[in-house]
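The values are calculated or read from the model by the stated rules, or taken from the named source; none is laboratory data. Every value quoted in this text rests on a predicted model; they were computed, and no experiment measured them. Positions of Cβ are generated from backbone atoms using ideal geometry, with glycine treated the same way; all protein chains shown enter the neighbour counts. Keep in mind that these areas ignore ligands, DNA and RNA; they rest on the heavy atoms of the full protein, side chains included. Shrake-Rupley method; radii C 1.70, N 1.55, O 1.52, S 1.80 Å.
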Amino acid sequence: MVAPVIQVESLTYQWANDSGFGLQVEQLDLVSNECLFIHGPSGSGKTTLLSLLVGILRPQQGHIRLLGQSLGQVGAGRRDHLRADHIGMIFQQFNLIPYLTPVENVLLTCQFSALRRQRALAKSSSVAEEAVRLLSHLDMADPRWLKLPVHQLSVGQQQRIAVARALMGSPELVVADEPTSSLDSERREQFIDLLFNECKASGAALLFVSHDAQLADLFDRQMTLQYQDSARVALTEQGPAL
Ligand SMILES: Nc1ncnc2c1ncn2[C@@H]1O[C@H](COP(=O)(O)OP(=O)(O)OP(=O)(O)O)[C@@H](O)[C@H]1O
Ligand SMILES: [Mg+2]
């Protein structure tokens, strides 16, 4: 049996504010090469769920294992290291450094993780060359764009740079938080194809969350964040209603 890249059991999380928002995940397993789509409307807890899975937030109850390592049993510093070494994150707002160029942004991954640097160097003769290789797979290697600070590029271009940064150094898990929200439908499917191809090429598991139920059919598996009552949401195996 293949060991899960990420494994969740009996998780509950409650934000400590007046919203009373609570999230429950009975079980979630994701293995290498698998592409999972999680659907949920705005405010249903997609970003909260991803923050829990990558160890930014800690659940009040339950277990999360990343590559067999229990995130509940390690401190914040170790969780940061595990995340930098093994997870490529595409944030809802990209979190690129605006005054750096595309390559400089992609190289940040290697500054935070020696392992990712090593893996990048196994693929290309320098980390900068590997960054350009990834950017060119994502159609972003035009020399005119490579010279610019990323704040001078379009939102769609910034999205692709965020993907290249997440894929740099072949992480075992790629998580994508609503990465297609600013693309038109044709570019959306193109973008997801690119993401799939890059993840398959490196054997990464992909966890993709979005409010856009129409994307669900493109994925191997689907799950949904469903309201149990006005403030409690549970992750269910059922795919989104189309
Ligand atoms: N930083 C925070 N502090 C307190 N409560 C929060 C915080 N972030 C989110 N919440 C609560 O968690 C709920 C879910 O928010 P979350 O950002 O996870 O939803 P989402 O599905 O990602 O929404 P969107 O599609 O708009 O990005 C919110 O309705 C809010 O009540
Ligand atoms: Mg969100």
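Key figures for this structure:
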| item | result |
| --- | --- |
| Hey, Pro179 away from ligand 2 (no atom under 16 Å from the Cβ) and assigned to a loop (DSSP other than H, G, I, E, B) or not | no |
| Output for the stretch 135-154, where each listed residue is in a helix (DSSP H, G or I) and open to solvent by less than 60 Å² (accessible area, probe 1.4 Å) | Leu135, Ser136, Leu146, Val150 |
| Condition met for Tyr13 (of a type in the set (Ser, Thr, Tyr) and open to solvent by 60 Å² or more (accessible area, probe 1.4 Å)) | no |
| Flag for Ser230 being closer than 30 Å to Val25 by Cα, over 19 Å from the mean Cα position of the chain (by Cα), within 16 Å of ligand 1 (Cβ to nearest atom) and open to solvent by 20 Å² or more (accessible area, probe 1.4 Å) | yes |
| Extreme residue, surrounded by the fewest Cβ atoms within 10 Å (Cβ to Cβ), among residues of the stretch 38-57 that are more than 7 Å from ligand 1 (Cβ to nearest atom) and among the β-branched types (Val, Ile, Thr) | Ile56 |
| Some residue of the stretch 202-223 being modelled with pLDDT of 95 or more, open to solvent by less than 20 Å² (accessible area, probe 1.4 Å), within 16 Å of ligand 1 (Cβ to nearest atom) and more than 28 Å from Phe112 (Cβ to Cβ) | yes |
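Quick grid of which residues meet (1) within 16 Å of ligand 2 (Cβ to nearest atom); (2) open to solvent by 30 Å² or more (accessible area, probe 1.4 Å); (3) among the hydroxyl-bearing types (Ser, Thr, Tyr); (4) assigned to a helix (DSSP H, G or I):
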position	(1), (2), (3), (4)
Leu96	no, no, no, no
Tyr99	no, yes, yes, no
Leu121	no, yes, no, yes
Arg133	no, yes, no, yes
